[in-house]
Amino acid sequence: MDLALHALQRDKLANNIVVARDGEEALDFLFCRGAFAHRLFGCPPKLVLLDLKLPKVDGMEVLKQIKSDPRTKAIPVVIMTSSKEERDLVAGYNLGANSYIQKPVDFDQFRETVKSVGLYWLVINQRMPINRLHQSGPVKGVRETATRT
């Protein structure tokens, strides 16, 4: 994750980056508890870059908790992993991941991948307005569909 952090800072794509060293710390940050109890839900992260191989609580469990809570389900989660396992890809999308990227081995390619991810999710992508993050049920005038793109 240090390389991803360096790439995002180098290309000035993120001003405030928080790195969690394990799944438990990530969940504490996202759910404003423990050492992060001072945080407010009104200021959610713009993006979560999630590795599947985390100590204490694995990445799939972190994803499951993020996407099952109405307060955090709209936060984009991009899985960045070395896993080539199809079951991880399928499980990640089934749990609500917004993107799944296999980490490139080559340093320059990895840096470009992180830059592209940051550019899309932090600059180009239109986030859901904060006042709609906690709204339950469908938004009036928006038709729900069963397809995923």
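The values are calculated or read from the model by the stated rules, or taken from the named source; none is laboratory data. Since the structure is predicted, the reported quantities are computational estimates derived from the model, not experimental observations. Heads up, the Cβs are rebuilt from the backbone with ideal geometry, glycines too, and the neighbour counts pull from every protein chain shown. Accessible surface areas use protein heavy atoms only, side chains included; no ligands, DNA or RNA. Shrake-Rupley method; radii C 1.70, N 1.55, O 1.52, S 1.80 Å.
Output the qualifying pairs, or none if there are none: Cβ atoms under 6 angstrom, residues six or more apart or on different chains, first residue in the stretch 71-88 and farther than 19 Å from L122 by Cα, second residue of a type in the set (K, R) and open to solvent by 40 Å² or more (accessible area, probe 1.4 Å).
S82/K103
Looking only at residues that are touching a Phe, Trp or Tyr at 6+ places or on another chain (Cβ under 8 Å) and within 14 Å of L52 (Cα to Cα) in the stretch 71-87, which one is modelled with the lowest pLDDT?
T81
Can you name every residue in the stretch 37-56 that is crowded, with 16+ Cβ neighbours inside 10 Å and either part of a loop (DSSP other than H, G, I, E, B) or without any contact (Cβ under 8 Å) to a residue 12 or more places away in the chain (or both)? Spell out the reasoning first.
Of the stretch 37-56, the ones crowded, with 16+ Cβ neighbours inside 10 Å are 39, 44-45, 47-52, 54.
Once the filter is applied, which keeps residues that are crowded, with 16+ Cβ neighbours inside 10 Å and either part of a loop (DSSP other than H, G, I, E, B) or without any contact (Cβ under 8 Å) to a residue 12 or more places away in the chain (or both), the stretch 37-56 yields R39, P44, P45, L47, D51, L52, L54.
Please specify each residue of the stretch 74-88 satisfying the condition of being farther than 21 Å from F31 by Cα and either open to solvent by 80 Å² or more (accessible area, probe 1.4 Å) or not in a strand (DSSP E or B) (or both).
Across the stretch 74-88, the qualifying residues are S82, S83, K84, E85, E86, R87, D88.
What residue, among those in the stretch 89-129 that are part of a helix (DSSP H, G or I), of a type in the set (A, V, I, L, M, F, W, C) and open to solvent by 60 Å² or more (accessible area, probe 1.4 Å), is nearest to K53 (Cα to Cα)?
L89
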